[in-house]
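The next block holds one structure in the form of structure tokens; read it before the comments.
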Amino acid sequence: MAHSIRLREPWDSRYVDGTRKAVRYRRFFNRPTGIESGQQVFLTLRVLVACSLNVSVNEHVSQLIPTGDSAYRARVDQVLSNRNQIELTVAPENVHESLPQECPKIGQQLISQVIIEIED
């Protein structure tokens, strides 16, 4: 049976290198409780536009695998600690103009959801 935890605000959102071509999101979260031996933990991202994504959890780069329906997934249980940090770098593909002056938040324009999923 799968259990899902949506990672909502607060996210720290900043443009990368002062440009408005890519956004870096960062958020801390505690290790989910009740994870049992044999269960796997995944980070799932749902995107709103085609983009390049880089993800790290606790400074370990995670390989994202497309799962369809504009979603990407990475296994993260091997790198979880009691206090964790996710860092996402998102750059829309085929951008001819800069992103808006105010940095988009999770749920707006680039990424719709970030979810931790625990599976047997």
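Read the figures in this text as sums done on the coordinates, not as results from a lab. Since this is a predicted model, take the numbers as computed values, not measurements. Positions of Cβ are generated from backbone atoms using ideal geometry, with glycine treated the same way; all protein chains shown enter the neighbour counts.
Of note:
- Set of region 54-94 residues, backbone N closer than 13 Å to the point 7 Å along the Cα-Cβ line of residue 46: 68-72
- In plain terms, the chain is cut at each of the GluC sites (Glu not before Pro) found in a DSSP loop with at most 16 other Cβ atoms within 10 Å, and the longest leftover piece is 1-35.
- Reciprocal mean inverse distance between Cα atoms of region 1-82 - Kirkwood radius, Å: 14.4 Å
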